[in-house]
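Here's the structure we're looking at; comments come further down.
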Amino acid sequence: MTSLKAKLVLALISTSLLVVIIIAIMTPIMVEHEFVEHAKDAHYGRFQAAIERYIRENNSWDTEKDALRFAIAEENNRKLHRTPRNPPPMRPQGQGDAPYFSGLPPPMLRPDPNASDERPFAFVLTDTQGHILHGGKDYKIGQKLTEEELSGADSLWLKGRLVAYALSSGEPDLSTADLAYLHTLRETLFFSALGAIVFIIPFGIWEGSRLVRTLNHLTSAVNRMAEGDFKQQVPVKSEDEVGVLAKAFNLMNNQLREAYKNLEDSRNKVAKQAEQLRELSIRDELTGLYNRRFFNEEVKVLHANALRYGNGFCLVLGDIDFFKRINDGYSHVIGDEVLKQVSKILMNSIRNSDIVARYGGEEMVLALPNTSPKAAMEMMERIRKTIEQHPWEKTADGLTVTMSFGICDETNGEHFEHMLAVADELLYKAKNNGRNQVCSLSCSQVH
């Protein structure tokens with residue numbers, strides 16, 4: 001596909017060449033037309049002066065005799081002023097010679113047969129009745145024009161009075177000087193057009209490149225924006241439509257960047273709120289531990305992976321010893337604080353891959369993936385001691401808190417609920433054996 005630069009250059013050059021060609025063609029035609037119009041005006045003026053002179057000298061004009069006498073006088077006058085190739089010697093006019101308007105030309109005005117009969121302009125002049133006074137090329141003196149021909153003629157007026165009609169006849173005759181002038185004009189136009197073409201082509205290429213340069217910047221900026229780079233500005237190097245477009249793009253880009261920033265802030269805010277909502281939906285409000293529903297969903301996956309890959313997996317159920325006594329003896333506020341601090345100890349004591357949740361009341365549950373029974377026993381014993389040795393007296397005078405745990409490491413069951421049931425049995429065993437203990441299927445009790 002042709003590039004925009006090539007199209008612009010071609011359009012500039014084509015338009016300029018078309019203008020040059022039109023000027024080169026029309027100028028000679030218009031100049032020649034002006035020559036003809038000036039020739040007509042000159043003839044009109046000459047004939048008006050001649051008619052005025054005839055009327056002044058003869059005090060008559062409207063008769064057929066006037067028309068004939070004026071036509072003969074003008075013909076003789078024309079022949080007198082033409083330039084013969086070999087002018088004949090002038091002979092003095094004698095007493096017997098005819099007067100100027102006698103109807104015959106005087107001897108000294110008789111035409112030279114060798115003289116040129118060229119006329120600068122083919123022109124017909126008639127009186128007010130249409131009788132031809134000056135014949136031109138296609139008419140004869142004395143001939144009368146038809147009504148149709150007379151209606152297309154120009155009117156000659158003298159002091160507000162219609163005195164004659166005039167119309168062109170045949171093609172105009174241009175003088176040698178006129179033809180030379182037109183030839184010179186054509187040559188001048190030709191070389192001027194050639195020089196203009198030589199100038200137009202590099203100018204068109206330069207101007208096209210200049211116009212396209214900003215458009216290329218715009219295209220590149222738009223492409224980078226499409227790739228995600230919204231920080232784009234294009235240089236403004238002109239005040240024309242392309243410059244206005246560049247300014248509009250820069251303004252739009254600034255507004256788009258601001259809008260994108262606001263949108264990104266809103267998106268981050270919404271994402272943060274969504275995360276907070278998710279956390280609220282999966283966390284216990286009091287302790288901050290995961291709730292039972294989330295724990296069950298996650299343990300299904302961990303249990304399935306343990307069955308599939310044969311990795312160690314343990315479930316632990318824990319319960320705060322004599323928690324009802326704490327609520328009854330110290331108040332529910334102290335009981336809630338105990339739950340919070342025990343939950344904090346549990347969260348700080350497990351690995352990132354482990355899961356701890358509040359399973360109900362004062363009961364906690366832990367999922368320990370990739371953990372052997374021995375490692376689970378050691379971890380829970382360490383947690384048990386941390387809870388026991390925690391400075392509970394800072395929470396309430398005389399307060400002591402311990403916790404019992406049951407560990408199940410059997411992953412043979414089809415569902416993880418079997419492991420929870422076994423861990424629950426072991427928890428009750430720890431309670432029945434004196435509390436503040438960790439019981440496991442694979443390991444002995446540790447106090």
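The values are calculated or read from the model by the stated rules, or taken from the named source; none is laboratory data. On a predicted model such as this, the values are computed, not experimentally measured, just so you know. Backbone-built Cβ (ideal geometry, glycine too); neighbour counts: all protein chains shown. Quick note on the areas: whole protein, heavy atoms, side chains included, nothing else; ligands and nucleic acids left out. Shrake-Rupley method; radii C 1.70, N 1.55, O 1.52, S 1.80 Å.
Counting Lys and Arg as +1 and Asp and Glu as -1 over every other residue whose Cβ lies under 14 Å from the Cβ of Arg186, the net charge comes to -3. The slack between Lys261 and Lys237, meaning 0.36 nm per residue of separation minus the straight C-alpha distance, is 5.8 nm. For a Förster distance of 35 Å, can you work out the FRET efficiency between the beta-carbons of Ala177 and Glu149, rounded to the nearest 0.05? Rounded to the nearest 0.05, the efficiency is 0.65. Solvent exposure of Leu158, expressed as accessible area, is near 30 Å², computed with a probe of 1.4 Å over the protein chains only. Gyration tensor over the Cα atoms of the range 149-292: the corresponding equivalent ellipsoid has semi-axes (square roots of 5 times the eigenvalues, largest first) of 84, 25, 11 Å. Counting protein heavy atoms only, the range 295-404 has 48 percent of its accessible area on carbon and sulfur, 1.4 angstrom probe. Within straight-line reach of Lys231, meaning a Cα separation under 20 Å, sit the following lysines at least 8 residues removed in sequence or on another chain: Lys247, Lys261.
Taking 0.36 nm per residue of sequence separation and removing the Cα-Cα distance, the Asp229/Asp397 pair yields an extension gain of 54.2 nm.
Between Glu410 and Ile201, the simple label model (points 7 Å from Cα in the Cβ direction) yields a spacing of 9.8 nm.
The Cβ shell under 14 Å around Ala376 holds other residues with a net charge of -1, Lys and Arg each +1, Asp and Glu each -1.
For Leu10 and Asp41, FRET efficiency with R0 = 60 Å and r from the beta-carbon atoms, rounded to 0.05?
Efficiency, rounded to the nearest 0.05: 0.85.
Taking a sphere under 14 Å around the Cβ of Leu302 and counting the other residues whose Cβ falls inside, with K and R at +1 and D and E at -1, yields a net charge of -2.
In Å, what Kirkwood hydrodynamic radius results for the range 341-398 from the alpha-carbon pair distances?
About 12.6 Å for the range 341-398.
A convex hull fitted to the Cα coordinates of the range 225-372 yields 178 cubic angstrom per residue.
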